[in-house]
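The values are calculated or read from the model by the stated rules, or taken from the named source; none is laboratory data. Because the structure is a prediction, the values reported are computed rather than measured. Here the Cβ positions follow ideal geometry from the backbone for every residue, glycine too, while neighbour counts run over all protein chains shown. In case anyone asks, the SASA skips ligands and DNA or RNA and just uses the protein heavy atoms, side chains included. Shrake-Rupley method; radii C 1.70, N 1.55, O 1.52, S 1.80 Å.
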Amino acid sequence: MNLSLTLDQLENTDWGEPTYSSYLVRTCHALRKKPLQDFTIEDLRIMIGQNISLEYLMPLAILELSKNILAEGDFYEGDLLKVVLSAEGGFWEKHPGMGERVATIYRQNEAVIEASISRKELKKAFEGFVLPPAPSQRGGDGT
């Protein structure tokens, strides 16, 4: 993936100007025009929290979490992990390898998470993190 590109360029779309004037809407529109290489933890947190362009942003978030499981945007330590764990379930069904990577990173860092001020919220999010069954656990019809 070329990190010098924007989401608009990668997805070959242009959302245009926001039609609603909330901070969140304006920010999401602006971030679609920002090169991925310039995204901050907060940028990832905002966009993933809105389930926007997960295919492109989730690998970046997973990389950040592998470096620091408690990577934080503007809210609290671990806020990036919280939105990653809370991403729409359909994404994880389409990308089970990424889901397994998130689960592995989480489990490898459970002691760090346990010592964090955000531990209750992060543990609750992980409990709700739904991974599709492994291929060997699916029925013969692929379900």
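By how many nm would the segment from E127 to E114 grow when fully extended, if each residue of separation counts as 0.36 nm and the alpha-carbon distance is taken off?
Numbers: separation 13, 0.36 × 13 = 4.68 nm, distance 1.40 nm.
The E127-E114 span can extend by a further 3.3 nm.
Highest mean first, what order results for 87-98, 7-18 on Cβ atoms within 10 Å? Walk me through the numbers before you get to the answer.
Values: 87-98: 14.8, 7-18: 13.2.
Answer by packing, highest mean first, reads 87-98, 7-18.
With the dipole of the chain worked out from charges on the C-beta (+1 for Lys and Arg, -1 for Asp and Glu) around the Cα centre, which of G49, I62, T13 lies farthest toward the positive end?
The one lying farthest along the dipole's positive direction is I62.
Taking 0.36 nm per residue of sequence separation and subtracting the Cα-Cα distance, how much length would be gained by fully extending the chain between A30 and N68, in nm to one decimal? If you can, show how the numbers build up before the last one.
On the way: separation 38, 0.36 × 38 = 13.68 nm, distance 2.62 nm.
Full extension of this stretch gives 11.1 nm more.
How much accessible area per residue does the chain have, in Å², with a 1.4 Å probe? Mind showing how you got there, number by number?
Working: 8130 Å² over 143 residues.
Accessible area per residue, the chain: 57 Å².
Report the FRET efficiency, 1/(1 + (r/R0)^6), for Q37 and T13, where r is their Cβ-Cβ distance and R0 is 22 Å, rounded to 0.05.
Details: r = 20 Å, r/R0 = 0.89.
Between Q37 and T13 the formula returns 0.65.
Tell me the carbon and sulfur percent of the accessible area for the chain, rounded to whole percent, probe radius 1.4 Å. Mind showing how you got there, number by number?
Values: 4060 of 8130 Å².
Exposed carbon and sulfur together represent 50 percent of the surface.
Determine, for the chain, the count of lysine pairs separated by eight or more sequence positions (or lying on different chains) whose alpha-carbon distance falls under 25 Å.
Close lysine pairs under the 25 Å cut-off: 14.
Taking square-rooted eigenvalues a ≥ b ≥ c of the alpha carbon gyration tensor, is the chain rounded, prolate or oblate, where a/c under 1.5 means rounded and, failing that, a/b exceeding b/c means prolate?
On the way: a/c = 1.95, a/b = 1.29, b/c = 1.51.
Oblate, because a/c is 1.5 or more while a/b does not exceed b/c.
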